[in-house]
Amino acid sequence: MITLALAQMIYFFCLQTPFTHGEDGIQAVPRGKLFGVLDLSNTLVMYYVVLAIFLAAFLLIFRVIHSPFGNVLKAIRENEPRAISLGYDAERYKLLAFVLSATLAGLAGATKAIVFQLASLTDVHWTMSGEVVLMTLLGGMGTIFGPVVGAFAIIGLENYLAGFGQWVTVITGAIFVVCVLAFRRGIVGELGAWWASRRS
């Protein structure tokens with residue numbers, strides 16, 4: 001609830017400040033040249049730059065998860081008092097995880113602004129936070145590929161159902177409810193469980 005309240009506060013801040021242009025957003029964001037070499041106005045170059053950013057961020061997350069730092073975070077998630085009793089400063093680790101999360105979210109937002117050449121109020125609305133949670137739950141929480149699959153599924157649905165107008169949110173919500181009831185571990189979690197049972 002605190003996170004949602006802070007998101008709404010940032011939304012109203014962006015709505016009121018002059019440099020964001022309120023409801024119009026920041027339009028015509030220049031692409032320019034990356035490192036003075038890669039011309040981002042070229043669609044193909046832009047595609048490969050975004051792909052490289054995604055792969056680098058994904059590999060960073062993968063490395064963090066499979067590092068001692070990631071193991072401590074898993075221990076805190078499973079049983080925080082036990083992790084504290086082992087001598088780990090849980091607050092410090094959670095703060096580092098939050099900073100890492102905010103950094104990656106900022107990178108994603110900056111990349112989106114350059115790709116679409118627009119930074120709108122939609123990007124800072126509290127529903128964006130809910131959409132990220134929806135992607136994670138749909139793909140499979142606690143899995144490395146789950147959020148990626150969930151993001152592809154949600155964005156694909158939104159684009160495919162764009163003709164339904166305001167009903168997109170209702171249809172997406174209904175599909176989400178069905179997936180939560182039928183696939184409690186998410187798409188990747190259920191596929192992983194099915195593969196493990198098939199192998200055994």
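The values are calculated or read from the model by the stated rules, or taken from the named source; none is laboratory data. Since this is a predicted model, take the numbers as computed values, not measurements. A quick note on method: Cβ atoms are made from the backbone with ideal geometry, for glycine too, and the neighbour counts reach across all protein chains shown.
Brief remarks follow.
- The set of residues from region 155-198 being more than 16 Å from residue 136 (Cα to Cα), of a type outside the set (S, T, N, Q) and not in a helix (DSSP H, G or I) comprises 161, 165.
- Which listed residue, of 61, 84, 76, is touching a residue at least 24 places away in the same chain (Cβ under 8 Å), of a type in the set (A, V, I, L, M, F, W, C) and either part of a helix (DSSP H, G or I) or in contact with a Pro (Cβ under 7 Å, 6 or more places away or on another chain) (or both): 61
- Meets criteria (aromatic (Phe, Trp, Tyr), more than 13 Å from the chain's Cα centre (by Cα), surrounded by 12 or more Cβ atoms within 10 Å (Cβ to Cβ) and under 27 Å from residue 61 (Cα atoms)) for residue 176: yes
For every residue, the table says whether it meets (1) farther than 28 Å from residue 13 by Cβ; (2) at pLDDT 90 or above; (3) surrounded by 12 or more Cβ atoms within 10 Å (Cβ to Cβ).
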| site | (1), (2), (3) |
| --- | --- |
| 54 | yes, yes, yes |
| 64 | yes, yes, yes |
| 102 | no, no, no |
| 106 | no, no, no |
| 109 | no, no, yes |
| 118 | no, no, yes |
| 126 | no, no, yes |
| 139 | yes, no, yes |
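- Condition met for residue 151 (among the small types (Gly, Ala, Ser), modelled with pLDDT of 80 or more, surrounded by 16 or more Cβ atoms within 10 Å (Cβ to Cβ) and closer than 23 Å to residue 23 by Cα): no
Conditions (1) over 16 Å from residue 133 (Cα atoms); (2) polar (S, T, N, Q), marked per residue:
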| residue | (1), (2) |
| --- | --- |
| 159 | yes, yes |
| 162 | yes, no |
| 166 | yes, yes |
| 182 | yes, no |
| 186 | no, no |
| 190 | yes, no |
| 200 | yes, yes |
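- Taken together, 60, 34 contain a single residue that is surrounded by 12 or more Cβ atoms within 10 Å (Cβ to Cβ) and touching a Leu at 6+ places or on another chain (Cβ under 7 Å), which is 34.
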